[in-house]
Amino acid sequence: MMATVNRESYAAAAEKLAADTRQATAAQLATTADEILSVARLLRGELRLRRALTDPSRGGGDRADLIRSILAGKLGAVTVDALATLVSARFSRPSELLDAVERLGVDMVLAAADKAGTIAEVEDELFRFGQIVGGDAELAVTLSDPGAPAERRVKLARDLLEGKAQAATIQLIAVALEGFGGRNFETSLIRLVELTSAKRDREVAYVTVAKLLGDAEEQRLAAKLADIYGRQVSLKFELDPSIIGGLSVRVGSDLYDGTILRRLNEARQAFAK
């Protein structure tokens, strides 16, 4: 979670970026996303630069001038203006500036997908890729290996997904592999699924079932959860025959466990007393 001052710093830059790109096409938004994420990669490898851009002894205007001197003429004016707004604000640690730049880049990827009408597909593809990786131990180890260069792991994911997934999906998976917000790959991917769903004004519900539900059952579950949370819900299913029957649902920190396995475990505990 961002500290309060850093949320405020990020919010000011996000508002500036949203205002400057309100009339942009999907392609223009995608270009801005590419540019911002390229700066995030630069900052990740340059600790001295991150420190200079968050140095509290320098005024906000000086820090903005520094980033402009580095990026002007190389990236678009919209990107440079947004990042100048960002670094002119205060950050408590250099790593939090990197987090904020990454988040701005993700915002633009999602805005481009939303404008192109593909954001629902992107959300689905991110979740399904996570399931594929989770079901393949060798692939999971390879992609999650912190000792392997991120560039190599990103190339592997691109090779696997090229022509099979939306460009925005591949870009967000690359962000996850690079450690979005300082998280590991799996946690980064979950967070990106949730941000994509939030862009669609939806909650994500992770549903574990012993066998897939029928369409009518899915619709009833979605409607019930929408009533509880006051907004539409994206259902993400995971098959787990070990629960025997019933289902469990997790939405944020809320967990509803109605599995037969849970009931059997409770019965065993009761008999053991």
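The values are calculated or read from the model by the stated rules, or taken from the named source; none is laboratory data. Keep in mind it's a predicted model, so treat the numbers as computed, not measured. Here Cβ is always computed from backbone atoms with ideal geometry, including for glycine, and neighbour counts include all displayed protein chains. In case anyone asks, the SASA skips ligands and DNA or RNA and just uses the protein heavy atoms, side chains included. Shrake-Rupley method; radii C 1.70, N 1.55, O 1.52, S 1.80 Å.
A few remarks follow.
- If you go through region 236-273 and keep only what is of a type in the set (Lys, Arg) and over 15 Å from LEU213 (Cβ atoms), you end up with ARG250, ARG262, ARG263, ARG268, LYS273.
- Pairs meeting the criteria (first residue in region 202-214 and under 16 Å from SER242 (Cβ atoms) and open to solvent by less than 30 Å² (accessible area, probe 1.4 Å), second residue β-branched (Val, Ile, Thr) and part of a strand (DSSP E or B), beta carbons under 6 Å, at least 6 apart or on different chains) are VAL207/VAL249.
- Residues that are in a helix (DSSP H, G or I) and of a type in the set (Ser, Thr, Tyr) were ranked within region 117-144; the one that is farthest from ARG191 (Cα to Cα) is THR142.
- Subset of region 27-54 (residues that are open to solvent by 50 Å² or more (accessible area, probe 1.4 Å) and farther than 18 Å from ALA14 by Cα): ALA27, ARG41, LEU42, ARG44, GLY45, GLU46, LEU47, ARG48, ARG51
- Annotation: of all residues in region 158-173 being hydrophobic (A, V, I, L, M, F, W, C) and without any contact (Cβ under 8 Å) to a residue 24 or more places away in the chain, the one that is surrounded by the most Cβ atoms within 10 Å (Cβ to Cβ) is ILE170.
- Just so you know, in region 56-94 the residues that are part of a loop (DSSP other than H, G, I, E, B) and in contact with a helix residue (DSSP H, G or I) (Cβ under 7 Å, 6 or more places away or on another chain) include one that is most open to solvent (accessible area, probe 1.4 Å), and it is ARG90.
For every residue, the table says whether it meets (1) touching a Leu at 6+ places or on another chain (Cβ under 8 Å); (2) without any contact (Cβ under 8 Å) to a residue 24 or more places away in the chain; (3) not charged (D, E, K, R).
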site	(1), (2), (3)
LYS16	no, no, no
ALA27	no, no, yes
THR32	yes, no, yes
VAL39	yes, no, yes
LEU42	yes, yes, yes
LEU71	yes, no, yes
LEU75	no, no, yes
LEU83	yes, no, yes
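- Output for region 174-201, where each listed residue is surrounded by 20 or more Cβ atoms within 10 Å (Cβ to Cβ) and of a type in the set (Val, Ile, Thr): VAL175, VAL193, THR196
- Being open to solvent by 70 Å² or more (accessible area, probe 1.4 Å), hydrophobic (A, V, I, L, M, F, W, C) and not in a strand (DSSP E or B) is a condition met by at least one residue of region 244-252.
- Selection of region 131-142 for residues being more than 16 Å from ARG158 (Cβ to Cβ) and open to solvent by 30 Å² or more (accessible area, probe 1.4 Å) yields GLN131, GLY134, GLY135, ASP136, ALA137, GLU138, VAL141.
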